[in-house]
Amino acid sequence: MRQAAQSPWNGNPYRRPNSPFWHIVFTDADGVTRRRSTRTKDVRIARERLAETLRGVEQARLGHVDRFARNRTVPIQQLVDEYKATLEANESAPRYVAGTIRQIRQFLAFAKAKHLPEIHIADAERFLTAIRAERSAKTRDHYAGALRGFSKWLERTGRWECDPLRNLAVRTSNRDKFRIFKRVGFRFEEAERLVEAAWTRYVAERPLGGLQSRPDYCEAVRDRQVLYWFVLTTAFRAGECASLCWDDLRLDSARPSVRLDGRFTKNGDDAVIPLQGFVVDSLLQMRARRDALHARRGDDPVRDADRVFRLPSKIATIVRKDAETAGLTAERGAGRKRVDFHCLRKSCARILIELKVHPKVIQQVLRHSDIRLTMDLYGELGDGDLFRELPGTFPVPRMFATGGEPTSTDRAG
């Protein structure tokens, strides 16, 4: 006798006709029988969701209220939009907000997560591994930071019961040691060639059109030459130079100097650095040229509250091109040192060492808390320094003073 086929409605979870997903049936806290799709084809996952639903019903019968019930079902893209609004309300940079939201949405698309319970740290780790396979460690860490910021915001604002990505590694292991670049330190003669090359390159490229051919661009090149000498003699960083106002300069004083507020320094301390006489003259000339340029345009004269230097966004590339024009950039290779704007700061230390300035004075100019950093990193010798400085340093011994060979008595002694 043939047994009748089992109905697809039997069991829990069960299959409904013409549906690829498993469904569950349960009685809610009000005693109403409900049927719901689990939206999965995996029976194991369907059983887990049935068990989770039954636990929720039991908690509701005991009077325990799930305060995250709404956020369990709200589309996660809505929460991402709320997070974006929070970042904008905190006056985060538009570029940062756009990049962060884009990275979060890429992860959600990768994990196919539509609701908060579907965010798992395993998916985040697989996503970051895929990013690292195609991009740098720094990019991978940017993505990880965006995901951690979003998950911490969920917990901090009470939108979720916990931080779902709490244990996600934000920083790549051993990343920091690869971020310290070996930079070139120019000698004084090389620094002169670099500054002069800025004008040489302008003259050579001006007939070719582009930025160099714009009216009054020669003033920007002259200002850049002043900026180079300013950094080569004060060791200011790019951000510190960009923050300077004319009111921070004491050009007419008996002791010319530049003062930088601690808000803009790396160590948080106020900095007062003496200025060389030729730098003072070049700054006064630069301000006079700028006043004349403003007059030609019908603008007001330069004010003390105006910025002294206008650093282009690609200043590192500009320095590298000027160095190439001066013949100061080495051929590509494994031991090639980096040439950028920060190498001017290192060059300041090297020039002061060549001038036999006391190491403690150099440390104070560079504003380092540890003199070992000044001498080990910024006082690093350049190529050829050993053979340039050491030969001829030792006095000639008496036995070699006449140019003769040592005698037998000398050998015995």
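Here, each number is a calculation from the coordinates, and none is a lab measurement. Quantities reported herein were computed from a predicted structural model and do not represent experimental measurements. Heads up, the Cβs are rebuilt from the backbone with ideal geometry, glycines too, and the neighbour counts pull from every protein chain shown.
Using DSSP to call loops (not H, G, I, E or B), can you name the trypsin sites (Lys or Arg not before Pro) in the range 101-139 whose Cβ has at most 15 other Cβ atoms within 10 angstrom?
On the way: sites: Arg102, Arg105, Lys112, Lys114, Arg126, Arg132, Arg135, Lys138; in loops: Lys112, Lys114, Arg135.
Here the trypsin sites (Lys or Arg not before Pro) that fit, given the DSSP loop and packing criteria, are Lys112, Lys114, Arg135.
Counting only C-alpha contacts under 8 Å and six or more residues apart, can you give the relative contact order of the range 14-66 as a whole percent? Working shown, then result.
Details: 56 pairs, mean separation 15.0, N = 53.
RCO, the range 14-66: 28 percent.
Once you keep just the Cα pairs under 8 angstrom separated by 6 or more residues, what percentage relative contact order results for the range 73-178? Provide the component values of the computation, followed by the final result.
Values: 88 pairs, mean separation 27.5, N = 106.
Relative contact order for the range 73-178 comes out at 26 percent.
Report the trypsin sites (Lys or Arg not before Pro) located in the range 187-272 that are in a DSSP loop and have at most 14 other Cβ atoms inside 10 Å of their Cβ, or state none. List each step's numbers first, then the result.
Values: sites: Arg187, Arg193, Arg201, Arg222, Arg224, Arg237, Arg250, Arg259, Arg263, Lys266; in loops: Arg187, Arg237, Arg263, Lys266.
Hits after loop and neighbour filter: Arg263, Lys266.
I want the local charge near Asp252. Using Cβ-Cβ distances under 15 Å, sum +1 for each Lys or Arg and -1 for each Asp or Glu among the other residues. Don't skip to the answer; put the middle values down first.
Details: positive: Arg250, Arg255, Arg259, Arg287; negative: Asp247, Asp248, Asp281, Asp304.
So the surrounding residues net to 0.
With a Förster radius of 41 Å, plug the Cβ-Cβ distance of Thr172 and Glu88 into 1/(1 + (r/R0)^6) and report the FRET value to the nearest 0.05.
Values: r = 29 Å, r/R0 = 0.71.
Result of the calculation: an efficiency of 0.90.
Could you calculate the FRET efficiency of Gln78 with Leu355 from 1/(1 + (r/R0)^6), where r is the beta carbon distance between them and R0 is 60 Å, rounded to 0.05? Don't skip to the answer; put the middle values down first.
Values: r = 64 Å, r/R0 = 1.07.
Computed FRET efficiency for Gln78 and Leu355 comes out at 0.40.
Among residues other than His342 whose Cβ falls under 11 Å from its Cβ, what is the net charge (Lys/Arg +1, Asp/Glu -1)? Write down the numbers at each step before the final one.
Details: positive: Arg183, Arg237, Arg338, Arg345, Lys346; negative: Asp340.
Net of charged neighbours comes to +4.
Which length gain, in nm to one decimal place, applies between Ala60 and Thr40 when the Cα-Cα distance is subtracted from 0.36 nm times their residue separation?
Values: separation 20, 0.36 × 20 = 7.20 nm, distance 2.52 nm.
This chain segment gains 4.7 nm when fully extended.
What's the FRET efficiency of Asp247 with Arg372 using the Cβ-Cβ distance as r and R₀ = 41 Å, to the nearest 0.05? Walk me through the intermediate numbers first.
Details: r = 35 Å, r/R0 = 0.86.
For Asp247 and Arg372, the calculated efficiency is 0.70.
Through the Karplus equation 6.51 cos²θ - 1.76 cosθ + 1.60, θ set to phi - 60°, convert the phi angles of the range 354-369 into ³J(HN,Hα) values in whole Hz; use x for Gly and Pro.
These are the phi-based 3J(HN,Hα) values: 4, 7, 6, 6, 4, x, 5, 5, 4, 4, 6, 5, 7, 6, 9, 7 Hz.
How about the range 26-60: which trypsin sites (Lys or Arg not before Pro) there are in a DSSP loop, with at most 15 other Cβ atoms within 10 Å of their Cβ? Spell out each step's value before the answer.
Values: sites: Arg34, Arg35, Arg36, Arg39, Lys41, Arg44, Arg47, Arg49, Arg55; in loops: Arg39, Lys41.
Filter output for the range 26-60: Arg39, Lys41.
Taking a quarter of the surface of the convex hull around the Cα atoms of the range 73-178, what do you get in nm²? Walk me through the intermediate numbers first.
Numbers: hull surface 27.5 nm².
Averaged projected area of the range 73-178's Cα convex hull equals 6.9 nm².
Over 26 Å between C-alpha atoms is what I'm after, so list which of Lys41/Lys114; Lys152/Lys182; Lys41/Lys152; Lys138/Lys346; Lys321/Lys346 land there. Kindly include the intermediate steps, with their values, before the conclusion.
Working: Lys41/Lys114 17 Å; Lys152/Lys182 37 Å; Lys41/Lys152 32 Å; Lys138/Lys346 24 Å; Lys321/Lys346 18 Å.
Cα-Cα > 26 Å for Lys152/Lys182; Lys41/Lys152; rest within.
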